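Chemist: Before I ask anything, here is the structure I am working with.
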Amino acid sequence: MKKIFFLLLEFALLVSLCACSQQNLEDMTRGTGDGYATIIWDDKTYVPYGALSDYGERGKQIGIVDGDKDDKVYECKGYSTDKWIVESLPHDGAMLWKEIYVTDIPDGWHSEYEWNQLIPVS
């Protein structure tokens, strides 16, 4: 009888631990701009800014793209998610994404992409 009780207790603990580790992740969508990919999150559109070589720039996970649990979106440490996010795909490294209307770029950050120099008119 004790064995059954302890097995049930262990199972209950395991289930509660799994439930606690679940995150409420935002579901973002993939879109396209004028020759480039975008990530759309609510009313914001993000464009690729550049590859990240340091995963230390990545904060906590905040979402996934198109329901794909392997296409993860993270905060960019020290910056608002209204302006900057980080996307990570298995075997592709991490990419820094900029909200399309952001014009205040942190010192030392440079994008190789032309569309980051163009600010669309709404």
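Chemist: What number of residues in region 54-66 are open to solvent by less than 50 Å² (accessible area, probe 1.4 Å) and within 23 Å of residue 31 (Cα to Cα)? Outline the logic, then answer.
Modeler: To start, the set of residues in region 54-66 that are open to solvent by less than 50 Å² (accessible area, probe 1.4 Å) comprises 56, 59, 61-65.
Then drop every residue that is not within 23 Å of residue 31 (Cα to Cα), which leaves 61-65.
Adding up the residues that qualify gives 5.
Chemist: Which residue out of 77, 44, 72, 83 is modelled with pLDDT of 90 or more, in contact with a helix residue (DSSP H, G or I) (Cβ under 7 Å, 6 or more places away or on another chain) and surrounded by 10 or more Cβ atoms within 10 Å (Cβ to Cβ)?
Modeler: Answer to the check: 77.
Chemist: Moving on to the next point. Given the options 108, 56, name the one that is over 11 Å from the mean Cα position of the chain (by Cα), on the phi > 0 side of the Ramachandran plot and modelled with pLDDT under 95. Full working, then the answer.
Modeler: On the way: 56 fails: on the phi > 0 side of the Ramachandran plot.
Exactly one of 108, 56 is over 11 Å from the mean Cα position of the chain (by Cα), on the phi > 0 side of the Ramachandran plot and modelled with pLDDT under 95, namely 108.
Chemist: Also, I was wondering about something else. Yes or no: residue 51 at negative phi and open to solvent by 60 Å² or more (accessible area, probe 1.4 Å)? It would help to see each step written out before you state the result.
Modeler: Details: at negative phi: yes; open to solvent by 60 Å² or more (accessible area, probe 1.4 Å): yes.
For residue 51, the condition - at negative phi and open to solvent by 60 Å² or more (accessible area, probe 1.4 Å) - is met.
Chemist: Still on this structure, please answer the following. Mind checking which residues of region 28-41 are open to solvent by 40 Å² or more (accessible area, probe 1.4 Å), more than 14 Å from residue 82 (Cα to Cα) and at pLDDT 95 or above?
Modeler: Within region 28-41, 29, 30 qualify.
The values are calculated or read from the model by the stated rules, or taken from the named source; none is laboratory data. Just so it is clear, the structure is predicted and the values come from calculations on it, not from any experiment. Neighbour counts run over all protein chains shown; Cβ positions are idealised from the backbone, glycine included. Note: areas computed on protein heavy atoms with side chains; ligands, DNA, RNA excluded. Shrake-Rupley method; radii C 1.70, N 1.55, O 1.52, S 1.80 Å.
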